[in-house]
């Protein structure tokens, strides 16, 4: 079991500590929810988590199959809604591979997005969209 410690610093700031490593970072509420927006927000972390998870899972599969995806990047976009209450409505992942993949490798890696533990942990009410691109 991994523990994450969060200390409230006041004025909607938190300090988040990954206890096994001691690494930490700050969060703040977003501007549209009474914060200053000068640090990543908790809902931004959800978008970052899914993008990081998908990147890692693709990296594992690519490594296992000898596919070079070094330089791949994902830009995650988060869309909020207020209906029926404030929550994440949609996450869009724009996935850019550094090189064109053959059909077999593309199919393999594009299906990996569904196996990300973060994706599997999200409520089905959050819409997920994946867009695949190739740098070149």
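The values are calculated or read from the model by the stated rules, or taken from the named source; none is laboratory data. In this text, all values refer to a predicted model and were calculated from it rather than measured experimentally. Here the Cβ positions follow ideal geometry from the backbone for every residue, glycine too, while neighbour counts run over all protein chains shown.
Observations on the model:
- Within the option set 23, 15, 28, being surrounded by 15 or more Cβ atoms within 10 Å (Cβ to Cβ) and not assigned by TED's automatic domain parsing to the domain that holds residue 109 holds for one residue only, 28.
- Boolean, residue 70 is exposed (fewer than 13 other Cβ atoms within 10 Å of the Cβ), out of contact with any strand residue (DSSP E or B) (no Cβ under 8 Å at 6 or more places or on another chain) and in contact (Cβ under 8 Å) with a residue 40 or more places away in the chain: no
- Of the criteria (1) surrounded by 15 or more Cβ atoms within 10 Å (Cβ to Cβ); (2) outside the structural domain of residue 121 (by TED's automatic domain parsing); (3) within 24 Å of residue 85 (Cβ to Cβ), which one residue 46 fails: (2)
- Residue list for segment 1-21, restricted to those being assigned to a loop (DSSP other than H, G, I, E, B) and over 22 Å from residue 118 (Cα atoms): 11, 12
- Segment 39-72, residues that are within 19 Å of the chain's Cα centre (by Cα) and outside any helix (DSSP H, G or I): 39, 40, 41, 69, 70, 71, 72
Conditions tested, residue by residue: (1) outside the structural domain of residue 55 (by TED's automatic domain parsing); (2) free of Cβ contacts under 8 Å to residues at least 24 places away in the same chain; (3) in a helix (DSSP H, G or I); (4) in contact with a helix residue (DSSP H, G or I) (Cβ under 7 Å, 6 or more places away or on another chain).
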{"residue": "104", "(1), (2), (3), (4)": "no, yes, yes, no"}
{"residue": "119", "(1), (2), (3), (4)": "no, no, yes, yes"}
{"residue": "124", "(1), (2), (3), (4)": "no, yes, no, no"}
{"residue": "130", "(1), (2), (3), (4)": "no, no, no, yes"}
